[in-house]
Amino acid sequence: MTSRRAFVRSASAAASSLLLQAAGDDPAFGKAMAAVREAIPRAEADPDRPVYHFRPPANWTNDPNGTLYCRGWHHLFYQLNPFAARIGSQHWGHARSRDLVNWEHLPIAIWPSTDRGETAIFSGGATMAADGRPRVFYTSIGRPQPEQWMAAPADDDLFVWEKYSKPVLTQSAHIGGAIAQWRDPFLFQKDGATHMVCGGGTSAGRAQVQLYRATRPDLTEWKHLGAIFQTLDREIRNFECPNLFPLDGKWVLIVSPNRVCEYWIGDLDIARVQFSPTAHGVLDPGDAYASNISADEKGRTILWLWGRTNTPPERGWGSVMTMPRILSIGPDGYLRQRPAPEFETLRGEPKAFPGRSLEQPFVAAGAETDCAEIEAEFSGGGRSGFELRRSSDGKPGVVVSIERGYLSVGAARAFVGPAERYRLRVFLDKRCVEAYANDGTAAVYNWFDAGKDDRSIAVFGQAAGSRGGPAPNRAAPPRLEGLKIWPMRDARFSLDHFHV
């Protein structure tokens, strides 16, 4: 006998297959899917492609979009150029995961409808509607002014998405006239209502975050409430990808201001259309951008970011997502970012090294790799850290270090603060690296170049003032209190559902 669960699963799969076949009648969808498939062999042949950071099957990705948790699955939509490994021709790619680590690539979810005048599908967000099913919202590009559109799932697997018949928001909704660079809707719930924020700027060139409230349960109509926040920095002309969400009894606003992402923590008063910040910081000073947020069944708030890789386009791929980060607010009132603990399932057998003084750098013998998790603790002053993807002649691909309360990953530097000891977790994945200091007080993503045979790891320390002055006056060198290095296995990226 067939169980009820198996029957429902089989019926759902059959329905999804029929809907996909119908979608395949659109030549634009079929052309985009075929282009990605054609590029897969070249992308997979590149030995420098990251193996556990999320990436599309091939070609280009940038902003994470529509991130949500639904019926046991983490869903990630993302900006995808199906036709080349460079930015352009924006579609929404789609994947799902049970554990944030291993992914199933799904058919392209949203593509430009040329019959409606669309030329690109820009970024957006997701929410659950009153009927218990998700909706995704995106910025439609191609008309004289951008518009905000909505799509709903046509099947229970969320493989196929249908656009609403008209935009749910246009520039005519705005109280004070058109918003420049208006895009990137993000959804949240407050006081029993669904709200949206969008980025942009005023005609005078001042970046703002606009606030809207849904006026129908099906989320097809919205009212503009006004600007919830605007920058005090005259150099910032517009905000991209605003995220506004509750966290640990406060509200957090993240923006992408065409430089590193910034955040504010504060209080939200919808009635007064006012967000009042009490803390401000840089989210990640490295080469990460365009945040999105989801929340899972464990009550965790998850941060998603686009991680640039500066990959030559001829390799058939470009960019990744940073590791999903679990957010919280620390006792000092600032954000904490921690890598999702599910990635520990990829650890191989660790190589452990005892504590030692760092008068001289040392190479971690037997731990040569281009893909690892590294955990270490340093004490003392001065500068200490790692040279990663080190060549046989001692040239590092990238340096991760801690000095005077700052974490550096390549040229990017994040404030950690003074401490007697610094605990570092570093995730090396081919040509990209993420580092976390002191339980997520600082987090930095960056990319780098290294030769395919450059795989050694060196640990170093430099005493404060060691570059000058008489020897008797120099401080003691930093100390390594302990070190573990785990080789990391590949995450699984299934193509079983990536078809028309």
Query raised in the report: Going by how many other beta carbons lie within 10 Å of each one, how would you line up 224, 499, 91, fewest first?
Result: 499, 224, 91
**Report entry** Fewest-first sequence of 89, 276, 391, 172 by Cβ atoms within 10 Å of each Cβ
**Finding:** 172, 276, 391, 89
Query raised in the report: Counting only residues 5 or more places away or on other chains, whose amide H sits under 5 Å from the amide H of residue 155 once H atoms are built in the peptide plane?
Result: 160
Report summary line: The residues 326, 270, sorted from fewest to most surrounding Cβ atoms within 10 Å, come out as 270, 326
Requested in this report: Any chance you could check the Cα centroid distance between region 448-467 and region 88-138 for me, in angstrom?
Outcome: 41 Å
Query raised in the report: Relative to the longest principal axis of the chain, what angle (0 to 90°, nearest 10) does the C-alpha long axis of helix 27-44 take?
Result: 10 degrees
Query raised in the report: In the P(r) worked out for region 17-152, what percent of Cα pairs fall beyond 25 Å?
Result: 26 percent
Query - Entry for Rg and Dmax of the Cα atoms in Å (calculated from the structure that is shown) out of (1) 27.8, 108; (2) 23.7, 85; (3) 43.2, 135 - result: (2)
Report task. Mind listing the long-range amide H neighbours of residue 125? Cut-off is under 5 Å, sequence gap 5 or more, other chains count too, H placed in the peptide plane at 1.01 Å from N. Result -> 66, 137
Report summary line: Computed ³J(HN,Hα) along region 442-449: with the Karplus parameters 6.51/-1.76/1.60, θ = phi - 60°, integer Hz and x for glycine or proline, the list is 9, 9, 9, 10, 7, 10, 7, 10
Report summary line: In the structure shown, of 351/395; 298/484; 298/430; 31/163; 250/298, the pairs separated by more than 27 angstrom at the C-alpha atoms are 298/484; 298/430
Query - the chain, helix-only ellipticity at 222 nm - DSSP H runs n ≥ 4, -39,500 (n - 2.57), divided by all residues, nearest 500 - result: -2500 deg cm²/dmol
Report summary line: Cα-based Rg/(2.2 N^0.38 Å) for region 89-220, rounded to two decimals, is 1.09
Report summary line: Sorted by chain and number, the residues with a modelled amide H under 5 Å from that of residue 336, at a separation of 5 or more or across chains, are 328, 329, 330
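Taken together, the values in this text are just the output of simple stated rules run on the coordinates, not laboratory data. Because the structure is predicted, anything quoted here is derived from the model rather than measured. Ideal geometry is used to build each Cβ from the backbone, glycine not excepted, and the neighbour counts take in all protein chains shown.
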